[in-house]
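Heads up: the structure comes next, in structure tokens.
Where a number appears in this text, it was derived from the coordinates with a stated rule and is not lab data. Keep in mind that what you see is a predicted model, and the values were worked out from it rather than measured. Here the Cβ is made from the backbone with ideal geometry for all residues, glycine too, and neighbour counts use every protein chain on show.
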């Protein structure tokens, strides 16, 4: 599903866009999608860093480590 919107661009940005592509909508959509993915990746990376620095997480993880080698075989 797509949505139609109206946006305002500075003249230099508009000229750049015109020179870059014939399909402005697709170009802008791709830019925003890439930015969104980069932002999600940064948030995920930060979550892993926060997890790695969380002593409570490591304490909980250590409790579960004792189950390693408990006899459950891979099928």
Subject >> Gain on full stretching of the segment that runs from residue 2 to residue 28 - 0.36 nm per residue minus C-alpha separation >> reply: 8.1 nm
Original post:
Between residue 53 and residue 17, 0.36 nm times their residue separation minus their Cα-Cα distance comes to what?
Top reply: 8.6 nm
**OP:** Mind pulling the angle between the C-alpha long axis of helix 24-52 and the longest principal axis of the chain? Nearest 10 degrees, somewhere in 0 to 90.
**Re:** 20 degrees
Original post:
Considering the values (i) 19.7, 53; (ii) 23.6, 68; (iii) 11.0, 34, which represents Rg and Dmax of the Cα atoms in Å as calculated for the structure under consideration?
Top reply: (ii)
Original post:
Using alpha carbons only, how many degrees (0 to 90, rounded to 10) separate the axis of helix 11-20 from the longest principal axis of the chain?
Top reply: 80 degrees
Subject >> Candidates 40, 60, 52: whichever shows maximal mean-square fluctuation once the chain is modelled as a Gaussian network with Cα springs under 10 Å >> reply: 60
Subject >> Pairwise label distance in nanometres, residue 39 with residue 60, each label 7 Å out on the Cα-Cβ vector >> reply: 2.7 nm
**OP:** Give the angle, between 0 and 90 degrees and rounded to the nearest 10, that separates the Cα long axis of helix 55-65 from the longest principal axis of the Cα atoms of the chain.
**Re:** 50 degrees
